[in-house]
């Protein structure tokens, strides 16, 4: 995914998740009138699969006082959802303390979108790595960390969950080694778990905003060098 040209939307949220105020851009992002957003819990507008990660991130920001960023899906009035990048921090002291949430729409890989060529390129690279491992052996071809980043990008572009164990299996590495690679990538700030705690086989993973931006830059460069050559989906 990549950031769209949409305006950054802002909201003020109480510790319990109740929305206390939003700007016009935030209401537009949710496809709802402003009065239908204020006083509601933010989880009402969050995709059910993203609610645990949303709650965890919010709890961490409140506890540690450190701003955090992530990606999630907002549910619109018509039942559709949009992927957004979110940045959460807090303002105020004591009883006046609240969350400040900034959201910006992300474009997903759909026909005609600018990101489609990046998604196709990522899929092509992932298939090439897989084919190379079959031909030459997994010890000679590919790097698990690079392949994990590719697979996470593809999953996010297709709006699919990505469990740690499934990613490890796709990279043809045993779970203990896969976990070590995830820890390295997390330490470098490129990936993050969507739930609190140590990374386990069933932990859903995703790219961080930083990791997503770097992958976009790399795929943009690769796509531009292919010119008009068609890349099979």
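The values are calculated or read from the model by the stated rules, or taken from the named source; none is laboratory data. If you're wondering where the values come from, they're calculated on a predicted model, not measured in any experiment. Counting neighbours? That spans all protein chains shown, and the Cβs are built from the backbone with ideal geometry, glycine included.
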Is one or more of the residues making up region 193-200 under 16 Å from residue 146 (Cβ atoms) and assigned by TED's automatic domain parsing to the domain that holds residue 149? no
Among the residues that make up region 212-231, is at least one of them part of a helix (DSSP H, G or I), at pLDDT 90 or above and surrounded by 12 or more Cβ atoms within 10 Å (Cβ to Cβ)? no
Evaluate the following for residue 161: is it out of contact with any helix residue (DSSP H, G or I) (no Cβ under 6 Å at 6 or more places or on another chain) and closer than 24 Å to residue 120 by Cα? yes
Identity of the residue in region 51-75, out of contact with any helix residue (DSSP H, G or I) (no Cβ under 9 Å at 6 or more places or on another chain) and buried (at least 17 other Cβ atoms within 10 Å of the Cβ), that ends up farthest from residue 192 (Cα to Cα): 61
Looking at region 63-82 only, could you name the residues that are farther than 18 Å from residue 10 by Cβ and outside any loop (DSSP other than H, G, I, E, B)? 63, 64, 73, 75, 81
